[in-house]
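Beneath this line is the structure, given in structure tokens, with notes to follow.
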Amino acid sequence: QAEYQFYLSERKALEELIDNRLLADEARRKSMSLDQLLETEVYKGVKDPTEDQLEVYYEGLDTQESYQSVRGDVLQHIRELRRSKARAAYVENLRNEARINILLMPPSAQVETAKAYTNGSASAPVVLVEFADYQCPYCQKVNPQIQQLKKEYGDALTVIFKDFPLPGHHSSEKAAEASRCAGEQGKFWEYHDVLFYSKMIEVDALKEHARVLKLDGDRFDTCLDSGTEASAVKKDFDEAKNLGLTGTPSFFVNGHFFSGVVDYAALKDMVNQQLNQAANRHQLISKK
């Protein structure tokens, strides 16, 4: 976790460096100074707020000062916000036109995947391992994005699921066992997806999901009630703790760690980075 926080600081600095370089290159290309580019190109559509907008903003402030005494600060604050958004949009266009390959990688670790449930080929160039908790709202939110990611990248991406039921989530451990009981009947991923989108993980609901998916109900109930899969869930949990994981979802992409509330763009960025790395290695081998 400490190494990952250090990586995030490095990555933030690198992103700022890239943005500044793109702006400087664009100014040079247009034979302008950076200030001229910002004023004539980036901020040209930015307007100051109206007096009514300033007054509405002031009404939302928790202050005893008069409107006139803070008007200048409010105006400057909104002006800077709008300029910041305009700059970000302009830089995003420059990024889309540029070819940027980021080589800075998150910290990595060896994750055991031999007996884990896998969606994809063992020979895929990118392997995404997720440690998740069925009761975790962030895991529930990111699951459709992982499904979309798999659909977009196809055979280039393999997704592996590992259980990390957090201690405060009292129903998640039994839900993890239930998904494995479904896996024993060949429907792990279907059951896994049902748990995330239904968010119903009490024991009665777990058994009902099995019947909706046309599993052998008696066999499923026996597996769940006897705790047959409890040791397998605990093995994943212990591995997560040994890796130093503290929350869910936590991901390893080709062994490189990242975690927290991530969006689809962040997931794609990690996959694309690994695909670029693989392409670079192939080019080096070809040249040799």
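Taking the chain as the reference, fit the longest principal axis to its C-alpha atoms, fit the long axis of helix 172-183 to the helix C-alpha atoms, and give the angle between the two in degrees, 0 to 90, nearest 10. Taking the Cα atoms of the chain, the angle to 172-183 is about 60 degrees.
For the range 185-204 versus the range 101-116, the inter-centroid distance based on Cα atoms is 27 Å. For mean projected area of the Cα convex hull in nm², the candidate list reads (1) 18.9; (2) 22.0; (3) 15.7; the entry that matches the value derived from this model is (2).
Working from Cα positions, state the angle (0 to 90°, nearest 10) between the long axis of helix 188-198 and the longest principal axis of the chain. Taking the Cα atoms of the chain, the angle to 188-198 is about 50 degrees. Note on the range 148-184 and the range 222-239: Cα centroid distance 13 Å, given to the nearest whole angstrom.
Highest average first, the peptides 188-194, 24-30 ordered by how many other beta carbon atoms sit within 10 Å of their residues are 188-194, 24-30. Of the solvent-accessible surface of the chain, computed with a 1.4 Å probe and all protein chains present, 50% belongs to carbon and sulfur. Could you work out how far helix 2-29 tilts from the main Cα principal axis of the chain, as a 0 to 90 degree angle to the nearest 10? That works out to roughly 40 degrees.
Across the protein chains, with a 1.4 Å probe defining accessible surface, the residues I100, I160 rank I100, I160 from largest area downward. According to the square roots a ≥ b ≥ c of the eigenvalues of the Cα gyration tensor, what is the shape class of the range 69-184, taking rounded for a/c under 1.5, prolate for a/b larger than b/c otherwise, and oblate for the remainder? Oblate, since a/c reaches 1.5 and b/c is not below a/b. Taking each of K85/K199; K30/K268; K12/K235; K115/K141; K44/K151 in turn, the alpha-carbon distance tops 29 angstrom for K85/K199; K30/K268; K12/K235; K44/K151. In a simple Cβ point-charge model (Lys, Arg +1; Asp, Glu -1; nothing else charged), the chain has a dipole of about 1320 debye relative to its Cα centre. Surface calculation, 1.4 Å probe, protein heavy atoms: S31 sits at approximately 100 Å² accessible.
Size of the dipole of the range 1-144 about the Cα centre, Lys and Arg at +1 and Asp and Glu at -1 on the beta carbon, nothing else charged, in debye to 20? Intermediate values should be presented prior to the final figure.
On the way: 18 positive and 24 negative charges, 145 e Å.
With Lys and Arg at +1 and Asp and Glu at -1, about 700 debye.
The values are calculated or read from the model by the stated rules, or taken from the named source; none is laboratory data. Only a predicted model underlies this, so the values are computations on that prediction, with no experimental measurement involved. Positions of Cβ are backbone-derived with ideal geometry, glycine not excepted, and every protein chain shown enters the neighbour counts. What goes into the accessible areas is simple: the full protein's heavy atoms, side chains included, and nothing from ligands, DNA or RNA. Shrake-Rupley method; radii C 1.70, N 1.55, O 1.52, S 1.80 Å.
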